[in-house]
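Worksheet: one structure, shown below.
The values are calculated or read from the model by the stated rules, or taken from the named source; none is laboratory data. Predicted model only: the values in this text are computed from it and were never measured. No Cβ is skipped: glycine too gets one built from the backbone with ideal geometry, and neighbour counts run over all protein chains shown. Heads up: the accessible areas ignore ligands, DNA and RNA and are worked out on the full protein's heavy atoms, side chains in. Shrake-Rupley method; radii C 1.70, N 1.55, O 1.52, S 1.80 Å.
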Amino acid sequence: MPEQSLQDLLARVERLEAGKGPLALETTAARHDLAGALHRAGRLAEAEAQYRRAYEGFAHSRGRTHLFTLTCMNNLALVLRDRRDWQPALGLLATVVQERANLLGPQHPLTLNAANNFLTVQVLQGDLESAVSEYPALLAACEATFGPDDPGTHAVRAGYANVLRRLGRDREALEQAGADVRPVAEVLLGCARLLRYTGLFPVALTASRYGAEMALGTHREARTEHRPGEVLRDDDLDIACHVLGPHDLKMPYDENQDLLTPADQVADAVGALAEHLARADRELGEQRLRVRVFVHHEHWPLLSAPPSLTVDRRLMSTRDQARHDRLMSATAHQSVPHPRAHRRGFRRTPGFSVRLADGPQVTVSTAIGLESKPAPSPFEA
């Protein structure tokens, strides 16, 4: 939200506080709006302070178990989540789930929303065993309330599948993912949009037809004001972005650097690669393109030149890899010599390293870095 809009909201709260009192319902509702705007702007400490004051106002005028009060408590918990203050967030969300269940029933949409928020925080905290035991009940309730094909149900199912995958239960994860599998090109286009929108530079990116995870670094010229600790999500494509600051990395960087140009170059390359993989998916046939894509560089912005993306095709059959190579030869690109293409007379490294016409500053490779990356599981590819 533009700064002027935040100033307008703050001025409105101050006028209402002076005229009606700090605990009046109208003042409290305006303060709640201000807190939400601060949260969206990434000003988490200020958002937390305003939500806490709004909570006291709602509790004073409507009671601690009123729906207004519980909504405020839920939103406060989401700010604490983005500040990585896991235990207080979980405590608030547990209260919201219980009180909404008492008021509305355990399968009401608002109850299920809070329950999903609770499990999301558990996963972010790393308590995967607790979350995996609770996901089946939440998924069953969502299917009963919204139906199995509702986008919200799909998002919960994708979250459950992700936890199963992280616990190494790949077969169960595949069963849950089911209809949520999507073309990898569609996921990459979503990644490109998020990269372009935020202007944050990608510390890491891993994407497949089951969604994507990105770590995005803050810097001076970013287009948005996201702060370290925030989590951005595209639930439709199951893309999770964790915002990092300089000291969150093993090799800290100067946050005053202007990293917008390399960030945009990678966004362009991800988009161009998505367009290519969309064509490959059509040419090879549905679900034949078994690939995982990742940013090769572990420590940004200490980049080699140019930055690179790697397409991991190790689960594709030899025949499909050859077909993909032929398709690549028909795509506008510039060949880039692989640094280890020849080695003491051995055969040439298979695959290709190129710069796509729509992302000329970034190398796209099917070989670079794979010696240090494990092959994808069937779930990841």
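Compute the angle between helix 3-20 and the longest alpha-carbon principal axis of the chain, please, reported from 0 to 90 degrees and rounded to the nearest 10.
Relative to the chain, helix 3-20 is tipped by roughly 10 degrees.
With a ≥ b ≥ c taken as the square roots of the eigenvalues of the C-alpha gyration tensor of the range 1-71, please select rounded if a/c is under 1.5 and otherwise prolate if a/b is larger than b/c or oblate if it is not?
oblate
Okay, helix-only estimate at 222 nm for the chain: each DSSP H run of n ≥ 4 adds -39500 (n - 2.57), divide by all residues, round to 500 deg cm²/dmol; what do you get? Each step should come with its number before you reach the end.
On the way: 12 runs with 200 residues, N = 381.
Computed mean residue ellipticity for the chain: -17500 deg cm²/dmol.
For the chain, what is the accessible area per residue in Å², given a 1.4 Å probe and the full set of protein chains?
That works out to 47 Å² per residue.
When the dipole is taken about the Cα centre of the range 152-274, and only Lys, Arg (+1) and Asp, Glu (-1) are charged at their Cβ, what size is it in debye, to the nearest 20?
320
Among Leu10, Tyr51, Pro252, whose Cα lies farthest out toward the positive end of the dipole of the chain, if unit charges sit on the beta carbon of Lys, Arg (+1) and Asp, Glu (-1)?
Pro252
Per q in 0.10, 0.11 1/Å, what log10 I(q)/I(0) does a Debye calculation on the alpha-carbon atoms of the chain return?
The Debye formula, applied to the Cα set alone, gives -0.73, -0.86.
When the dipole is taken about the Cα centre of the range 1-159, and only Lys, Arg (+1) and Asp, Glu (-1) are charged at their Cβ, what size is it in debye, to the nearest 20? It would help to have the intermediate numbers written out before the result.
On the way: 15 positive and 18 negative charges, 82 e Å.
It works out to roughly 400 debye.
Could you please report the charge total around Asn74, scoring K, R as +1 and D, E as -1 over all other residues with beta-carbon less than 14 angstrom from its beta-carbon? Show your work: numbers first, answer last.
On the way: positive: Arg52, Arg64, Arg81, Arg100; negative: Glu48, Asp82, Glu99.
In short, +1.
Suppose every K and R has +1 on its Cβ and every D and E has -1 on its Cβ; what is the size of the dipole of the chain about the Cα centre, in Debye to the nearest 20?
1120
Rounded, prolate or oblate: which fits the range 1-126 when a ≥ b ≥ c are the square roots of the eigenvalues of the alpha-carbon gyration tensor, with rounded for a/c under 1.5 and prolate only if a/b beats b/c?
Verdict is oblate for the range 1-126.
I'd like the carbon and sulfur percentage of the solvent accessible area for the range 234-296, probe radius 1.4 Å, heavy atoms only, ligands and nucleic acids excluded.
41
As a test, work out the antiparallel percent of DSSP beta bridges whose residues both lie in the chain, rounded to the nearest 5.
Once the DSSP bridges in the chain are tallied, antiparallel ones form about 70 percent.
Using the Cα centre of the chain as origin and beta-carbon charges of +1 (Lys, Arg) and -1 (Asp, Glu), tell me which of Thr218, Thr198, Gly369 is placed farthest towards the positive end of the dipole.
Final value for the positive-end residue is Gly369.
Going by average Cβ neighbours within 10 Å, how do the peptides 45-55, 201-211, 314-324, 60-70 rank, with the highest at the top?
Most protected by this proxy first, the peptides run 201-211, 45-55, 60-70, 314-324.
Which shape class applies to the range 167-314: rounded if a/c is under 1.5, otherwise prolate when a/b exceeds b/c and oblate if not, where a ≥ b ≥ c are the square roots of the Cα gyration tensor eigenvalues?
Since a/c reaches 1.5 and a/b is larger than b/c, the shape of the range 167-314 is classed as prolate.
Along the positive direction of the dipole of the chain (beta-carbon charges: Lys, Arg +1; Asp, Glu -1; about the Cα centre), which of Ala131, Val184, Asn116 reaches farthest?
Result: Val184.
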